[in-house]
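Trainee: The structure that follows is given in the form of structure tokens.
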Amino acid sequence: MKLHDLDVIVPAPPAPGWGGRYWILVKVTTDTGIVGWGECYAASVGPEAMVAVIEDVFARHMAGQNPEDIELMFRRVYSSGFTQRPDLTVMGAFSGLEIACWDILGKDRDRPVYALLGGRMNERVRAYTYLYPLPHHDVSAFWSSPEMAAESAADCVARGYTAVKFDPAGPYTMRGGHMPAMGDIALSVAFCKAIREAVGDRADLLFGTHGQFSTAGAIRLGQALEPYSPLWYEEPIPPDNVAEMAKVAGAVRIPIATGERLTTKAEFAPVLRAGAATIMQPALGRAGGIWEMKKVAAMAEVYNAQMAPHLYAGPVEWAANIHFAVSIPNLLMAETIETPFHDQLIKGSIRVEDGFVTAPTAPGLGIEVDEALARAHPYTDAGLHLEMRDAPCDYVDGNAFERGAPASSQ
């Protein structure tokens with residue numbers, strides 16, 4: 001059996017676009033006719049350029065190869081162009097293709113992917129979700145309203161979720177770590193207070209920041225949140241400075257989580273070694289694929305750290321996350337996004353039930369992709385999957401940033 005054909009589909013989820021402006025799906029077919037699906041998480045280039053990268057990686061390093069040869073293909077891609085170091089874009093391309101290889105192997109053997117990864121460790125996976133507006137909420141006001149957030153959190157708990165994530169402290173700026181405004185700190189405390197009062201001890205609070213703060217600023221904000229006992233403080237500073245993140249971890253009594261912007265064991269290992277975080281959040285469509293993250297999970301075990309796969313993408317990456325999560329002993333939970341489009345794209349083949357996802361039993365990733373639906377919603381805009389703003393922190397009028405991914409670029 002050899003990898004033979006590649007097709008790349010870039011659908012755009014309908015507004016408001018939870019999961020990003022577009023998703024990059026790869027369809028890989030073998031010479032025996034088996035089809036495998038994967039998903040490449042957002043890269044730092046536009047979708048047309050990314051499609052070209054994916055096609056080049058496949059043609060150069062994978063076409064004609066047995067899909068079993070995951071390690072060999074990874075080393076080819078990781079070392080391509082005399083690099084032998086993490087490359088966010090190239091590894092993002094490989095990650096989706098690697099996921100498709102596992103889907104092929106599972107289908108060929110009539111077994112779910114996790115059965116090929118050491119078997120089923122967890123019968124079900126604890127799920128968490130971002131807080132999103134309820135139908136009666138004002139969407140523009142939601143992101144800075146502790147009261148609406150608390151109402152959304154109570155709804156999530158009523159549906160069975162035991163953990164909810166939110167990130168009220170903007171702005172989402174390309175300018176790097178900054179000191180939060182006092183208004184940012186006050187609003188973040190108000191969110192934690194309102195949500196904690198709404199859910200009590202029925203759910204964990206997951207506080208996100210998207211790497212927005214300086215070391216000192218992250219410590220100030222984190223210490224202000226401590227009375228509400230969040231389960232994690234996500235990416236409190238930009239992800240490129242492990243030593244400074246370790247300083248935050250040592251000064252704040254909230255577990256640090258990071259990893260959605262990291263790729264390969266080469267970037268996760270220093271985080272674990274420095275004690276900079278105890279919760280790893282790989283995005284499997286970017287981080288090197290399922291096999292590479294199995295290695296990271298094993299390293300995390302040594303440091304008594306846990307895994308919480310990240311998801312701000314489509315349902316194919318989510319399916320890969322679930323198989324990965326089912327197979328590891330140090331699982332904390334996995335992110336999920338529930339929208340009609342996510343559900344329809346995989347024809348309801350994986351779902352959250354009472355806050356958990358049961359281990360799939362169907363072959364491969366256990367999903368049926370609605371290819372016609374994906375092709376019927378092509379992405380035609382110019383924006384990236386996610387974009388940061390040029391504007392600096394506003395210390396006068398306050399900070400907020402729009403979640404989701406509107407149809408038009410910012």
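Every number here is computed from the coordinates shown, using simple stated rules; none is lab data. Owing to the predicted nature of the structure, the values given are computational and were not obtained by experimental measurement. All Cβ positions, even for glycine, are placed from backbone atoms using ideal geometry, and neighbour counts span all protein chains on display.
Trainee: What whole number of Å gives the distance from the Cα centroid of segment 113-131 to the Cα centroid of segment 24-73?
Mentor: Going from one Cα centre to the other spans 24 Å.
Trainee: When the chain is treated as a GNM, springs tying every alpha-carbon pair under 10 Å, which of Thr129, Thr215, Thr32 comes out with the largest mean-square fluctuation?
Mentor: Thr32
Trainee: Can you tell which of Gly106, Phe74, Gly118 lies farthest toward the positive end of the dipole of segment 74-122, using +1 and -1 charges on the Cβ of basic and acidic side chains (Lys, Arg; Asp, Glu)?
Mentor: Positive-most Cα among the choices belongs to Gly118.
Trainee: Helix-only estimate, please: 222 nm mean residue ellipticity of the chain, summing -39500 (n - 2.57) across DSSP H runs of length 4 or more and dividing by its residues, to the nearest 500.
Mentor: Working: 13 runs with 149 residues, N = 410.
It lands at -11000 deg cm²/dmol.
Trainee: Ok, one more. If you place +1 on the Cβ of every Lys and Arg and -1 on the Cβ of every Asp and Glu, how big does the dipole about the Cα centre of segment 207-254 come out, in debye to the nearest 20?
Mentor: 180
Trainee: Quick one: putting +1 on the C-beta of Lys and Arg, -1 on the C-beta of Asp and Glu, what dipole do you get for the chain around its Cα centre, in Debye to the nearest 20?
Mentor: Values: 33 positive and 49 negative charges, 190 e Å.
Taking the Cα centre of the chain as origin, the dipole is about 920 debye.
Trainee: Continuing with the same structure: Using 0.36 nm per residue, how much length does the chain from Arg124 to Thr380 gain when fully extended, once their Cα-Cα distance is taken away? Could the numbers behind the result be given before it?
Mentor: Numbers: separation 256, 0.36 × 256 = 92.16 nm, distance 3.75 nm.
Here the segment from Arg124 to Thr380 would lengthen by 88.4 nm.
Trainee: So, one more: If I build a Gaussian network model for the chain, linking alpha-carbon pairs within less than 10 angstrom, which residue out of Ser145, Ser327, Ser188 has the largest mean-square fluctuation?
Mentor: Answer for the Gaussian network model of the chain: Ser145.
Trainee: With +1 assigned to the C-beta of every Lys and Arg and -1 to the C-beta of every Asp and Glu, and no other charges, what is the dipole magnitude of segment 64-120 about the Cα centre in debye, to the nearest 20?
Mentor: Details: 7 positive and 8 negative charges, 24 e Å.
The dipole magnitude comes to about 120 debye.
Trainee: With the cut-off at 30 Å, tell me which of the pairs Lys193/Lys347; Lys193/Lys295; Lys165/Lys247; Lys165/Lys265 have Cα atoms farther apart than that. If you can, show how the numbers build up before the last one.
Mentor: Details: Lys193/Lys347 38 Å; Lys193/Lys295 38 Å; Lys165/Lys247 23 Å; Lys165/Lys265 26 Å.
In this structure, Lys193/Lys347; Lys193/Lys295 exceed 30 Å between Cα atoms.
Trainee: First select every other residue whose beta carbon is under 14 angstrom from the beta carbon of Val369; then total the charges, Lys and Arg +1, Asp and Glu -1. Show your work: numbers first, answer last.
Mentor: Details: positive: Lys27, Lys107, Lys347, Arg375; negative: Asp7, Glu39, Asp103, Glu317, Asp343, Glu368, Asp370, Glu371.
Once positives and negatives cancel, what remains is -4.
Trainee: First check a/c for segment 125-175, with a ≥ b ≥ c the square roots of the eigenvalues of its C-alpha gyration tensor; if it is under 1.5, answer rounded, and if not, answer prolate when a/b is larger than b/c or oblate otherwise. Provide the component values of the computation, followed by the final result.
Mentor: Values: a/c = 2.70, a/b = 1.35, b/c = 2.00.
It comes out oblate by the Cα gyration axes.
Trainee: While we're here: For the chain, just say rounded, prolate or oblate: build the C-alpha gyration tensor, square-root its eigenvalues into a ≥ b ≥ c, call rounded for a/c under 1.5, and beyond that prolate if a/b exceeds b/c, oblate if not. Walk me through the intermediate numbers first.
Mentor: Working: a/c = 1.56, a/b = 1.49, b/c = 1.05.
Prolate.
Trainee: Among Pro340, Pro112, Pro67, which one shows the biggest mean-square fluctuation in a GNM of the chain, springs joining Cα atoms closer than 10 Å?
Mentor: Greatest mean-square fluctuation among the candidates belongs to Pro340.
Trainee: Another question, then. Under 19 Å between alpha carbons, and skipping anything fewer than 8 positions from Lys2 in its own chain: which aspartates and glutamates qualify?
Mentor: Reachable aspartates and glutamates: Asp31, Glu55, Asp56, Glu68, Asp69, Glu71, Glu98, Asp103, Asp108, Asp110.
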